[in-house]
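Structure first, commentary second.
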Amino acid sequence: MAVKLHRCSNEWVKLNGHPCWRVQKALNEAGVEYTIVKGPLLKGKRDALEQLSGQRSYPVIEFEDGKVYREESSKMAETIASGHLMDKDAPAAAEPPPAAEPPVES
């Protein structure tokens, strides 16, 4: 399953502290198939990213079904390296129903 990596357009920046590179490097090392979607550098011009993910920060991973994954890049890299990236595409677990309140005695 291929994913889309939404990242800044500065692909040439390959510093370990750069959030987009950190996640891209983790994808490479884990052998995850992905395509790069380059976006604008300026946060004020990231309307499409905000529509997709609800925020304006890179990087964002988009799964084939349209779900997105976004955390701090170091956490994203850890998730990818541990082999749990596709877990982020799983549907959220259903919340248990609220506990019934005890009957009120009169």
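The values are calculated or read from the model by the stated rules, or taken from the named source; none is laboratory data. As the structure is a prediction and not an experimental result, all values here were calculated from the model. Please note: Cβ atoms are built from the backbone with ideal geometry, for glycine as well, and neighbour counts cover all protein chains shown.
Details
- Residue check, Asp89 surrounded by fewer than 14 Cβ atoms within 10 Å (Cβ to Cβ) and either modelled with pLDDT of 95 or more or not hydroxyl-bearing (Ser, Thr, Tyr) (or both): no
- Candidates Ala26, Ala81, Ala48, Ala77 - the one that is buried (at least 17 other Cβ atoms within 10 Å of the Cβ), among the aliphatic types (A, V, I, L, M) and over 13 Å from Val3 (Cβ atoms): Ala77
- Checked against the criteria, Tyr58 counts as buried (at least 19 other Cβ atoms within 10 Å of the Cβ) and either among the charged types (D, E, K, R) or touching a Cys at 6+ places or on another chain (Cβ under 9 Å) (or both).
- The sole residue among Asn28, Asn10 that is of a type in the set (S, T, N, Q) and assigned to a helix (DSSP H, G or I) is Asn28.
- Any hit, region 33-45, residues being charged (D, E, K, R), surrounded by 11 or more Cβ atoms within 10 Å (Cβ to Cβ), part of a helix (DSSP H, G or I) and free of Cβ contacts under 8 Å to residues at least 40 places away in the same chain: yes
- Region 1-23 - residue that is surrounded by 13 or more Cβ atoms within 10 Å (Cβ to Cβ) and among the basic types (Lys, Arg) and, of those, farthest from Arg46 (Cα to Cα): Arg22
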